[in-house]
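Engineer: Got a structure for you, questions after.
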Amino acid sequence: MRFLKYLLVGGSATVLHYAVLLGVVEGLHGDPAVGAGLGAFVGALWAYGGNRRFTFSDSDASHARTLPRFLSVALLMALGHGGFVWLGTAVGAHYMVAQLVASGLALVVGYRLNKRWSFA
């Protein structure tokens, strides 16, 4: 059940993430890697609130402890997104294909890190 909650929160954060990515690339004609990294960060801020209140609401750890840990994981995921999209586009993949794969990887890795470390 907790993973389903994480998936729902992550899904809404991903919609926001993709909106920023598309805005940077299609609206501002910016670099896809920058858009992916920025989108991941904006989505992470949204995800922290949702995960704190919904997914890991039983955590008794303080914000002073969970927020820096969550943001550390989010930064790692943002760098991973940017790097994966950069690599994907460098080998000829469409940036959205690379982004989708990066998001799937981040879902699994991020859940494990947040469950075992950020909100533990």
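Engineer: List the relative contact order of the chain as a percent without decimals, with contacts defined as Cα pairs under 8 Å and 6+ residues apart.
Structural biologist: About 29 percent, as a whole number.
Engineer: Next up: Using helices alone, I'd like the mean residue ellipticity at 222 nm for the chain: each DSSP H run of four-plus residues gives -39500 (n - 2.57), total over residue count, nearest 500.
Structural biologist: -25500 deg cm²/dmol
Engineer: About its Cα centre, how strong a charge dipole does the chain have in debye, to the nearest 20, once Lys and Arg get +1 and Asp and Glu get -1 at the Cβ?
Structural biologist: Dipole about the Cα centre, nearest 20: 540 debye.
Engineer: Right, another one. Which residues in region 29-67 have a backbone N closer than 14 Å to a point placed 7 Å from the Cα of R2 along the Cα-to-Cβ line?
Structural biologist: Residues passing the 14 Å test: 51-61.
Engineer: Let me ask something else. Taking K and R as +1 and D and E as -1, what net charge do the other residues with C-beta under 14 Å from the C-beta of L45 add up to?
Structural biologist: Spelling it out: positives minus negatives among the neighbours equals +2.
Engineer: In Å, what Kirkwood hydrodynamic radius results for the chain from the alpha-carbon pair distances?
Structural biologist: 14.3 Å
Every number in this text was worked out from the coordinates using simple rules, so none of it is lab data. Bear in mind that the values here come from a model prediction, so they are computed numbers and not experimental data. No Cβ is skipped: glycine too gets one built from the backbone with ideal geometry, and neighbour counts run over all protein chains shown.
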